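Read the figures in this text as sums done on the coordinates, not as results from a lab. Fair warning: this is a prediction, and the values are worked out from it, not measured in the lab. Here Cβ is always computed from backbone atoms with ideal geometry, including for glycine, and neighbour counts include all displayed protein chains.
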Amino acid sequence: MLTLKGDERVLDVATGTGRVARPVAKRLNGGRVIGVDQALAMLDVGHQHQEPIPAYDQSAGAADALPFKSNSFDRAFVSFSLHHFGNPSGVVHEVLRVLKNGGRFVVLDPVIEEAKDSVDVALEAKVNRVFRRTHGNDFRFHTASSIQRMLTKAGFRIPRSNVMSYSFNQEGMDGIPTGRHWLEVAEELETEAPELAERMKKTYFTWHRHGDHVHVKGSFSYALITGVKPA
Ligand SMILES: C[S@@+](CC[C@H](N)C(=O)[O-])C[C@H]1O[C@@H](n2cnc3c(N)ncnc32)[C@H](O)[C@@H]1O
């Protein structure tokens, strides 16, 4: 989706340890990936990585106040981080600023379903509350359309938007990103708010506890959205 030729200057917003930046940097030939993150500890893990990637540079900074000149990147992406930002639309505006005209921005983020009634709204609030206990007060799941709206409002054109589903049917949440927290929500709802538990089962996944084990079956979704800065 980044449509790389190889010589691009690519920004990875909230690069973390460089998990996604590395395979992107490997695709370049003459270009560079510059990863920015506010957590020095995360950058440090990336810096100490056993396989140094010459085309990958790191920079410390906040995603909503990017330490880069305007019109200086050909491509940008943000992976698994938008839901962590306290000021996501500020980040999107900053990405628009640092991209060159015609530059491309790809957002990859886990998304929840669009709320259709008050039960969905209450479920969404509960999910966010539980995730905030471990991920901090800025945490907030977006929907695919709220991400699109945010990009459009900032001035991006959206040529492409996909939602991919990740299905599972297994014992326990091992190997399912953030699955443990989803299960925490589910089990609390069962005693606190059976109506919300039923909606959770219909929308996301079912869970059946037997002894120390719990069988889970359902799916989570990820949005992959491309924005283009108008030429
Ligand atoms: C779940 S990690 C994702 C890292 C990486 N993009 C990946 O896919 O592996 C989220 C990252 O967002 C960073 N982060 C959160 N808020 C930020 C902000 N306002 N500015 C810069 N980085 C931020 C965190 O420090 C963390 O490294």
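By the count of neighbouring beta-carbon atoms within 10 Å, fewest first, D138, D212, D74 end up ordered D212, D138, D74.
Both radii come from the Cα set of the range 88-207: Rg as radius of gyration, Rh as Kirkwood radius; their ratio Rg/Rh reads 1.02. With 22 Å as the limit, write out which pairs from K5/K229; K5/K100; K153/K229; K153/K201 have Cα-Cα distances beyond it, or answer none. Flagged as over cut-off: K153/K201. Here the relative contact order of the range 119-191, from alpha carbon pairs under 8 Å that lie six or more residues apart, stands at 31 percent. Listed by chain and number, the aspartates and glutamates placed with their C-alpha closer than 18 angstrom to that of K69 are E8, D12, D37, D57, E94; residues fewer than eight positions away on the same chain are left out. With Cα atoms as the point set, the radius of gyration and Dmax of the chain evaluate to 19.0, 60 Å. So in the chain, what percent of DSSP beta bridges are antiparallel if you round to the nearest 5? The answer is about 55 percent antiparallel. Quick check: Cα centre of the range 127-197 to Cα centre of the range 22-101, how many Å? Rounded to whole Å, the Cα centres lie 23 Å apart. In summary, no helical segment of the chain meets the span-like criteria, namely a full DSSP H run, a Cα extent along the axis of 27 angstrom or more and a mean Kyte-Doolittle hydropathy of at least 1.6. In the chain, helical runs assigned H by DSSP with n ≥ 4 each contribute -39500 (n - 2.57); averaged across all residues and rounded to the nearest 500, the mean residue ellipticity at 222 nm is -10500 deg cm²/dmol. Here the range 38-81 has an Rg and Dmax of 12.0, 33 Å, counting Cα atoms alone.
Here, the range 136-231 yields an orientationally averaged convex hull projection of 8.1 nm² when only Cα atoms define the hull.
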